[in-house]
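The values are calculated or read from the model by the stated rules, or taken from the named source; none is laboratory data. From a predicted model like this one, the values you see are computed outputs, not experimental measurements. For neighbour counting, all protein chains shown are included, and Cβ atoms are generated from backbone atoms with ideal geometry for every residue, glycine included. Just so you know, the surface numbers come from the protein's heavy atoms only, side chains and all, with ligands and any DNA or RNA stripped out. Shrake-Rupley method; radii C 1.70, N 1.55, O 1.52, S 1.80 Å.
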Amino acid sequence: MKKLYTLLFVAFASIASFAQTTTEDFVNSTATASYGDGTFVGNGGITYSFVHSRNAGTGSDDYTINAEGLMLRRPSDSYLEATYPNGLSSFSFQFRKAFTGGAIRQLEVLVNGEVVSTTQEFGEGAGADATVYTHSLTINQAGPVTVRIKCVGDATITANRQTTLDNIVWAPQNLSVKQNSIAGLQVYPNPVTNGTLYINTTANASKEV
């Protein structure tokens, strides 16, 4: 005999929310107009750490993308890092050249200490450039996942490569049911209708959800 379970939609919604994206807009950033180190709690309760970085400026010193942002300075010691406890399925961010130096800029993304992706080169040539770029990658790793964004280059390279970061968009790893863990498992409907989710199995025994 099959057992049928009806769950309230609020319970299902709390599970489904893990698949939603969150945007970090740096509104809570503690970075100032001077290069320094610090931390702040961003959207989604994620703690961000920045090293030898500053805000994106204001007035004549404005290299923002969308109101707030964080500016990296050089490959040797500037980076932004955060740990996502529920893992990551997708990750993207926007960036642009800051200040007017002609050095070529390029960013790299490290996941759990390993370089997994690099952006295109940008910012070559003296003068300002307000072009905004977006870099996206698929990660699909269970948590915790630590992501670091920094300028490409050897630790001994200290030349400035000022770059503004903003609008980090991330989604936790999608939840899935382990295969072969529950015989005859059926979960329906998808999407949920009338706030009710049904779970059927072939076993007449207690289940944990």
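A search for C-beta distances below 7 Å between a residue of segment 56-68 that is modelled with pLDDT of 95 or more and any residue that is assigned to a loop (DSSP other than H, G, I, E, B) and open to solvent by 70 Å² or more (accessible area, probe 1.4 Å), counting only pairs 6+ apart in sequence or on different chains, returns 68/27.
Within the set of pairs 6+ apart or on separate chains, which have a first residue in segment 137-151 that is within 23 Å of residue 72 (Cβ to Cβ), a second that is open to solvent by less than 20 Å² (accessible area, probe 1.4 Å) and among the hydroxyl-bearing types (Ser, Thr, Tyr), and C-beta atoms under 6 Å apart? That search, which allows pairs on different chains as well, returns 145/84. For segment 24-80, the set of residues classified as of a type in the set (A, V, I, L, M) and either farther than 17 Å from residue 159 by Cα or open to solvent by less than 30 Å² (accessible area, probe 1.4 Å) (or both) consists of 27, 31, 33, 41, 46, 56, 65, 67, 70, 71, 72, 80, listed by residue number.
I need the full set of residues from segment 119-142 which are small (Gly, Ala, Ser) and in contact with a strand residue (DSSP E or B) (Cβ under 6 Å, 6 or more places away or on another chain), in order please. Steps first, please.
First pass over segment 119-142, keeping only residues small (Gly, Ala, Ser): 123, 125-128, 130, 136, 142.
Hits for segment 119-142 are 123, 136.
Pairs meeting the criteria (first residue in segment 79-99 and under 18 Å from residue 123 (Cα atoms), second residue of a type in the set (Ser, Thr, Tyr) and surrounded by 21 or more Cβ atoms within 10 Å (Cβ to Cβ), beta carbons under 6 Å, at least 6 apart or on different chains) are 95/163; 96/164; 98/63; 98/163; 98/164.
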